[in-house]
Amino acid sequence: MRKPFIAGNWKMHKTSSEAVETAGELVKLVAATTNVDIMIAPPYTALNLVAQEIMGTAVELGAQNLDWHPEGAYTGEISASMLTATGCRYVIIGHSE
């Protein structure tokens, strides 16, 4: 049986410092959880800091979107290599607004 997967898309909520604080609280709350995989997708501005906060915990890092181009003049976009460099293992494709 496949393990359940819970993903939290933070959308455009939380500054970097608020995101780190929230991620730290989540890590504490789910520390003993082993029966479900957990991923959070904070805003891009907080990815690096949140990655450091959740490193080595049960919480995985995800991004809210990506562009398929490896690089280029695509204002406001972000590539897969940029995301993996921050520690992202997941990306949410598609939007639920």
For region 21-44, which positions are of a type in the set (Gly, Ala, Ser) and part of a strand (DSSP E or B)?
ALA41
Residues being assigned to a helix (DSSP H, G or I) and either touching a strand residue (DSSP E or B) at 6+ places or on another chain (Cβ under 9 Å) or surrounded by 13 or more Cβ atoms within 10 Å (Cβ to Cβ) (or both) - total across region 1-20:
4
Give me a count of the residues in region 67-90 that are within 19 Å of LEU49 (Cβ to Cβ) and either part of a loop (DSSP other than H, G, I, E, B) or in contact (Cβ under 8 Å) with a residue 40 or more places away in the chain (or both).
5
Would you check if there is a residue in region 41-53 being out of contact with any Leu (no Cβ under 6 Å at 6 or more places or on another chain), touching a residue at least 40 places away in the same chain (Cβ under 8 Å) and open to solvent by 60 Å² or more (accessible area, probe 1.4 Å)?
no
Answer yes or no as to whether LEU61 is open to solvent by 40 Å² or more (accessible area, probe 1.4 Å), closer than 14 Å to TRP10 by Cβ and not in a loop (DSSP other than H, G, I, E, B).
no
Restricting to region 72-86, give me the number of residues that are open to solvent by 40 Å² or more (accessible area, probe 1.4 Å) and either in contact with a Gly (Cβ under 9 Å, 6 or more places away or on another chain) or on the phi > 0 side of the Ramachandran plot (or both).
2
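The values are calculated or read from the model by the stated rules, or taken from the named source; none is laboratory data. In this text the structure is predicted, and so the values were computed from the model without any measurement. Backbone-built Cβ (ideal geometry, glycine too); neighbour counts: all protein chains shown. Remember, those area values only see protein heavy atoms, side chains included, never the ligands or the DNA or RNA. Shrake-Rupley method; radii C 1.70, N 1.55, O 1.52, S 1.80 Å.
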